[in-house]
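Structure first, commentary second.
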Amino acid sequence: MKIMSVDYGDARTGLAVCDKTEFLASPLTVINEYNAERCAEKIAGFVKSEKPELIVVGLPKNMDGTEGDRAEKCREFGKLISEKTGVEVVMWDERCTTVSAHQILNETNVRGKKRKAVVDAVAAVIILESYLEFRKNSK
């Protein structure tokens with residue numbers, strides 16, 4: 001099944017997709033948009049071209065497992081994406097994904113403006129890889 005993941009942020013939102021075999025997750029793009037409605041519309045455009053059957057939206061939980069304001073914003077954004085695309089949305093725990101993305105970019109020596117441009121797409125890949133691992137292990 002082709003799946004898209006979303007790492008939603010106030011200014012930048014990263015997107016990633018996997019192939020139909022659910023083997024390879026790849027960064028798709030970073031959307032630079034502050035307005036949630038316009039961001040969801042841009043995502044809907046990528047949904048039309050990529051045709052995912054499921055969308056995974058990162059849910060930023062606190063380290064103790066509780067949810068704060070940011071998690072509520074992401075849940076609302078997930079509902080908005082589902083309404084705009086008609087595709088099922090699953091919320092997925094994204095604790096530490098941005099930290100992991102920065103570590104990966106450190107290892108590959110990506111710095112400055114280049115880093116800012118890709119970190120959210122890398123975080124979306126990490127979210128998607130985590131979700132794909134869960135699907136593989138729960139079959």
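The values are calculated or read from the model by the stated rules, or taken from the named source; none is laboratory data. All values reported here derive from a predicted model rather than from experimental measurement. Because the Cβ atoms are built from the backbone with ideal geometry, glycine has one as well, and the counts that use them run over all protein chains shown. Areas reflect the complete protein model, heavy atoms only, side chains present, ligands, DNA and RNA absent. Shrake-Rupley method; radii C 1.70, N 1.55, O 1.52, S 1.80 Å.
Of all residues in the stretch 62-89, which are outside any loop (DSSP other than H, G, I, E, B) and in contact with a Gly (Cβ under 8 Å, 6 or more places away or on another chain)? Hits for the stretch 62-89 are CYS74, VAL89. Selection of the stretch 34-63 for residues being among the aliphatic types (A, V, I, L, M), open to solvent by less than 40 Å² (accessible area, probe 1.4 Å) and modelled with pLDDT under 95 yields only LEU59.
Screening GLU76 with (1) modelled with pLDDT of 95 or more; (2) farther than 14 Å from ASP7 by Cα; (3) surrounded by fewer than 17 Cβ atoms within 10 Å (Cβ to Cβ) gives one miss only, at (2). For the condition open to solvent by 20 Å² or more (accessible area, probe 1.4 Å) and β-branched (Val, Ile, Thr), THR66 qualifies. Looking only at residues in the stretch 21-59 that are out of contact with any strand residue (DSSP E or B) (no Cβ under 8 Å at 6 or more places or on another chain) and in a loop (DSSP other than H, G, I, E, B), the one that is nearest to ILE126 (Cα to Cα) is PHE23. Number of residues in the stretch 1-21 that are in contact with a helix residue (DSSP H, G or I) (Cβ under 9 Å, 6 or more places away or on another chain) and either open to solvent by 30 Å² or more (accessible area, probe 1.4 Å) or of a type in the set (Phe, Trp, Tyr) (or both) equals 5. Residues in the stretch 5-20: is at least one part of a helix (DSSP H, G or I) and either under 15 Å from VAL125 (Cα atoms) or of a type in the set (Val, Ile, Thr) (or both)? Looking through the stretch 5-20, none of the residues is part of a helix (DSSP H, G or I) and either under 15 Å from VAL125 (Cα atoms) or of a type in the set (Val, Ile, Thr) (or both).
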